[in-house]
């Protein structure tokens, strides 16, 4: 899915004024990629790339009342994404968190907020710890019993909350 279709992305763009920058990436191949928002006015049926293989990165540094309705909301975010080509970048790779492009984005981040794939939870947390990132992850409670995760809890490197 595109980051725009993520409720995390929507929340942080609505409350953007409390952030200095928002970076969001998506993994290619989602069955709903670009079903909610077409970038740059490109109709879904006429996409000039394989949308199943197109990962996207958003770099948002300002959200304001672009449509002049007196409020900053998702309509303004949609306007920004559809009209500002500097905000949306198609990634060369598939958007996997282990790819060089996504690691570069991770290095820029102060805090990471996500819900990683359950099957890759251990590897994703290991990457966040390796790069010494603060993070908030929504995951299955059973993850705390993983041999890679429980020691991090015991060492006070990660917490439940």
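The values are calculated or read from the model by the stated rules, or taken from the named source; none is laboratory data. Note that the coordinates shown come from a computational prediction; the quantities given were computed from them, not determined experimentally. We place every Cβ from the backbone using ideal geometry, glycine too, and count neighbours over all the protein chains shown.
Data overview
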read-out	value
Subset of the stretch 115-161 (residues that are more than 25 Å from residue 25 (Cβ to Cβ) and not in a loop (DSSP other than H, G, I, E, B))	141, 142, 144, 145, 150, 151, 153, 154
Qualifying residue in the stretch 65-77 (condition: buried (at least 19 other Cβ atoms within 10 Å of the Cβ) and either at pLDDT 85 or above or outside any loop (DSSP other than H, G, I, E, B) (or both))	yes
Yes/no for residue 78 being touching a residue at least 24 places away in the same chain (Cβ under 8 Å), within 26 Å of residue 14 (Cβ to Cβ), outside the structural domain of residue 11 (by TED's automatic domain parsing) and under 17 Å from the mean Cα position of the chain (by Cα)	no
Lone qualifier among 12, 16 - being under 16 Å from residue 137 (Cα atoms), touching a strand residue (DSSP E or B) at 6+ places or on another chain (Cβ under 9 Å) and either at pLDDT 60 or above or surrounded by fewer than 19 Cβ atoms within 10 Å (Cβ to Cβ) (or both)	12
Qualifying residue in the stretch 92-112 (condition: in contact with a strand residue (DSSP E or B) (Cβ under 7 Å, 6 or more places away or on another chain), within 22 Å of residue 56 (Cα to Cα), assigned to a helix (DSSP H, G or I) and at pLDDT below 90)	no
Unmet criterion (only one of (1) in a helix (DSSP H, G or I); (2) modelled with pLDDT of 85 or more; (3) farther than 30 Å from residue 122 by Cβ) for residue 81	(2)
